[in-house]
Amino acid sequence: MTFGKWAFGLAVTVFGFSPFVRPGSAGTIGEGAFATAHERKFVEVGGASLTIAPESSGVATSEGVILERGELRFISGNGYRVKASSLRITAFAPQTSGSVRMNPKGEVEVAAVNGAIRVENASGIELARLLPGESLAFQVGANAGNTYDINGCLTAENGRYFVTETTTNLKIELRGTDLAKYVGHRVRVTGNASQPAPPAGTARIVDVTQITQLPGEVCGPAGGKVKSGSHHVVRGVVIGGVVVGGTLGGLAAAGTFSDNPVSPSKP
């Protein structure tokens, strides 16, 4: 399995622990397969520093790391990519570090510690953008498909309609009928992604099959939330057929890196 070349020119950032050898841990290893038992291992490869948790395994190359089991932290100096299950996790901002964990429920948990992280499915559909301190869990089904079940603030721009998705930080363009009456409100939308995929850097387009206004909230003029009445919470959304939801206690607190927990930021 290979990774495409990514060059973000990211600077290495230490996030609360040394990426090098310390007492009680394994030494630094290089490119190739790795497996840990009851110790951590440290990998310096391809401009990235990896800390591999106990009971983890995978393959580290100069272009990316494939996590087959367990958990790792990464500090990326050049847009280094982590592949877990069928997901692709990549830094897209300077000085990025984060964590990836494959939990016992079959989910892939991702947290951004510094910088920002993009998560995509195997087809290249962007599933989420995580900002510092945010963590999300991804449940990949047998058939990812192009289905969407999302919620967020609906806005209008030059006759086009967008939802700023609450859970994933994505801005998604909507196509459908009677969308104008929902502008300025928080809505739940189900639909399917239009084909072909839009150019990189542009909003994904979803053909709406159903739209419902959510009670208790209105939105600001730019899509920001303004609370009014009770707060309505949707705990899981579907992006490209992948279920995305918040992690309880933060990724690091739930995993083996509990010495530096990431606070939960999503419902």
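The values are calculated or read from the model by the stated rules, or taken from the named source; none is laboratory data. None of these values were measured; they are calculated from a predicted model. In this analysis, Cβ positions are derived from the backbone assuming ideal geometry, glycine residues included, and neighbour counts consider all displayed protein chains.
Yes/no per residue for (1) at pLDDT 90 or above; (2) polar (S, T, N, Q); (3) assigned to a strand (DSSP E or B); (4) in contact with a strand residue (DSSP E or B) (Cβ under 9 Å, 6 or more places away or on another chain):
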{"position": "Leu10", "(1), (2), (3), (4)": "no, no, no, yes"}
{"position": "Phe17", "(1), (2), (3), (4)": "no, no, no, yes"}
{"position": "Pro23", "(1), (2), (3), (4)": "no, no, no, no"}
{"position": "Ala37", "(1), (2), (3), (4)": "yes, no, no, no"}
{"position": "Ser49", "(1), (2), (3), (4)": "no, yes, yes, yes"}
{"position": "Pro54", "(1), (2), (3), (4)": "yes, no, no, yes"}
{"position": "Ile66", "(1), (2), (3), (4)": "yes, no, yes, yes"}
{"position": "Ile75", "(1), (2), (3), (4)": "no, no, yes, yes"}
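Which fully enclosed strands (runs of 3 or more DSSP E) of segment 90-144 have 3 or more residues being of a type outside the set (Ser, Thr, Tyr), at pLDDT 90 or above and within 15 Å of Leu72 (Cα to Cα)?
Where strands (runs of 3 or more DSSP E) fall fully within segment 90-144 and carry at least 3 residues being of a type outside the set (Ser, Thr, Tyr), at pLDDT 90 or above and within 15 Å of Leu72 (Cα to Cα), they are 96-102, 108-114.
Within segment 92-110, work out how many residues are closer than 17 Å to Gly141 by Cβ and not acidic (Asp, Glu).
The number of residues fulfilling the criteria is 5.
For residues in segment 60-91 being hydrophobic (A, V, I, L, M, F, W, C) and free of Cβ contacts under 8 Å to residues at least 40 places away in the same chain, which is nearest to Leu130 (Cα to Cα)?
Checking each candidate, the answer is Ile89.
Return yes when Gly249 is closer than 15 Å to Glu109 by Cβ, of a type in the set (Gly, Ala, Ser) and either in the same structural domain as Ala93 (by TED's automatic domain parsing) or at pLDDT 85 or above (or both) and no when it is not.
yes
Scanning for something over 13 Å from the mean Cα position of the chain (by Cα), crowded, with 21+ Cβ neighbours inside 10 Å and among the hydrophobic types (A, V, I, L, M, F, W, C), does segment 138-146 turn up at least one residue?
no
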